[in-house]
Amino acid sequence: MRRKIIAGNWKMNMTPSEAVALCETLKPLVVSDDVDVVFCVPAIDIIPVVEAVKGTNIAVGAENLYFKDKGAFTGEISAAMLTDAGVKYVIIGHSERREYFAETDETVNAKVKQALANGLTPIICCGETLTQREQGITIDFIRQQIKIAFLGVSAEEAAGCVIAYEPIWAIGTGKVATTEQAEEVCCAIRACICELYGQETAEKIRIQYGGSMNASNAAELLAQPDIDGGLVGGASLKPDFGKIVNYK
Ligand code: PGA
């Protein structure tokens, strides 16, 4: 049985002091013995959030990293900086980064390898646009994203990764994919991992759904055989996040 993983993606929200206050609100609400809970927070909030959640079941994630070790890359954050600060997870290739910050499947691949080489668990995002869905090329498109993201990644490393399937048309729009749509794509992603690495790896890797997940739709989505968790944006900034973690 794969352990469920519910990760909040705070995006560009919460100043450091607001972040600490939100942690205090959420801490008692996200207690769980059988779900991994992650807060992926803006870089400047990492240090105060790591401090605020010490001694709890909450792990801290970053929203991005750079694929070089160090050097003249003004404004970027390295994997070593993240691990030294206490970060365990990192979101890679979110559709907002692909759209607004020119991330490509190739930079996603470089970042995945950099995260793994430094002991960080990548949460690798994929997902189609509405046009792609309407043209019936969702699965082909996502298979391409996955195959490039995992280039040069070993089976053992892949097994420990997290993939987040986030249809772009469902992010922040309130338009959640139907349970069938979400399960169909998560199942196809697992089949793609099976082709690349074999059955054992495919059974271990965890696949999240993301896109307008909230307290009322989480239970149904999380009951699907190939949906192992959620990547939650808007609802991760509210007490509702506790209800998603405790969806059962
Ligand atoms: P949303 O965002 O839950 O606000 O739709 C999800 C995400 O972008 O990770």
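Of all DSSP-defined beta bridges confined to segment 4-245, some 0% are antiparallel rather than parallel. The fraction of accessible area contributed by carbon and sulfur in segment 158-248 is 53 percent, rounded to a whole number (1.4 Å probe; ligands and nucleic acids excluded). A full extension of the chain between Leu130 and Ala72 corresponds to an added length of 17.1 nm, given 0.36 nm per residue minus the alpha carbon distance. Protection proxy ranking for 91-102, 72-83, using the average of other Cβ atoms within 10 Å per residue and placing the highest first: 91-102, 72-83. When only alpha carbons are used to place a centre, segment 106-171 and segment 5-77 end up 21 Å from one another.
If the segment from Ile137 to Ala85 were pulled out straight at 0.36 nm per residue, it would be longer than the present Cα-Cα gap by 14.7 nm. In the full protein context, segment 171-210 carries 44 Å² of accessible surface per residue, based on a 1.4 Å probe and ignoring ligands, DNA and RNA.
Were the residues from Ala117 through Ile47 laid out at 0.36 nm apart, the gain over their Cα-Cα distance would be 23.0 nm.
Here the simple spin-label model places points 7 Å from the Cα toward Cβ, and for Ala191 and Gln144 these points are separated by 1.9 nm. Between Glu203 and Thr25, the distance separating the two model label sites (each 7 Å from Cα on the Cα→Cβ line) works out to 4.2 nm.
For the chain, the membrane-span-like helices by this rule, meaning whole DSSP H stretches whose C-alpha atoms cover at least 24 Å of axis and whose Kyte-Doolittle mean is -1.0 or above, are 179-197; this says nothing about an actual membrane. Starting from one equal scatterer on each C-alpha and no solvent at all, send me the Debye-based log10 I(q)/I(0) for segment 4-245 at q = 0.08, 0.16 Å⁻¹, two decimals. Those come out to -0.26, -1.16, one per q. Among 211-217, 29-35, the peptide with the highest mean count of other Cβ atoms within 10 Å heads the list, and the full ranking is 211-217, 29-35.
The values are calculated or read from the model by the stated rules, or taken from the named source; none is laboratory data. Owing to the predicted nature of the structure, the values given are computational and were not obtained by experimental measurement. With ideal geometry, Cβ positions are generated from the backbone for all residues, glycine too; neighbour counts draw on all protein chains shown. The protein model used for the area step is the full one, side chains on, heavy atoms only, and it has no ligands, DNA or RNA in it. Shrake-Rupley method; radii C 1.70, N 1.55, O 1.52, S 1.80 Å.
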